[in-house]
Amino acid sequence: MTPGQSHLGSLVQPLGLLSVDEGKTARTDAALAGYFTLHSRHELQEEAVLTHEEVTTLVGMGPSAHHVPAEALQERLDSLPDPLPVPLSFVLSVFHRLQ
């Protein structure tokens, strides 16, 4: 499972989060290529309506937690509606181990 291009998209700019690199899925494929073969891939899109507290928890679980200080995150979050719609985007890749 890797994040899709639009994952948390509406939060990236206003909160100063890291965006998903366009090459994320390709890099994952390349890293697994010598050991696994791609069997299937599905893109999953959903929207969640999250409170500020839930957004703070969500951001804290990802790489942006190391790039956005908690105080700055809270200040930026305070300027947004509570709750707010957040796009969730994932790429589900199923690999089989090479024999």
Within the range 3-10, is there a residue that is assigned to a strand (DSSP E or B) and open to solvent by less than 50 Å² (accessible area, probe 1.4 Å)? yes
Within the range 67-99, how many residues are open to solvent by less than 40 Å² (accessible area, probe 1.4 Å) and closer than 22 Å to GLY23 by Cβ? 5
Look through the range 13-66, keep the residues that are of a type in the set (S, T, N, Q) and more than 28 Å from PRO83 (Cβ to Cβ), and return whichever of them is surrounded by the most Cβ atoms within 10 Å (Cβ to Cβ). THR25
Is the range 49-71 home to any residue that is outside any loop (DSSP other than H, G, I, E, B), touching an Asp or Glu at 6+ places or on another chain (Cβ under 8 Å) and either more than 17 Å from GLN5 (Cβ to Cβ) or without any contact (Cβ under 8 Å) to a residue 60 or more places away in the chain (or both)? yes
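The values are calculated or read from the model by the stated rules, or taken from the named source; none is laboratory data. Just so you know, these numbers come straight off a predicted model, no measurement behind them. We place every Cβ from the backbone using ideal geometry, glycine too, and count neighbours over all the protein chains shown. Accessible surface is based on the protein model in full, side chains and every heavy atom, while ligands, DNA and RNA are left aside. Shrake-Rupley method; radii C 1.70, N 1.55, O 1.52, S 1.80 Å.
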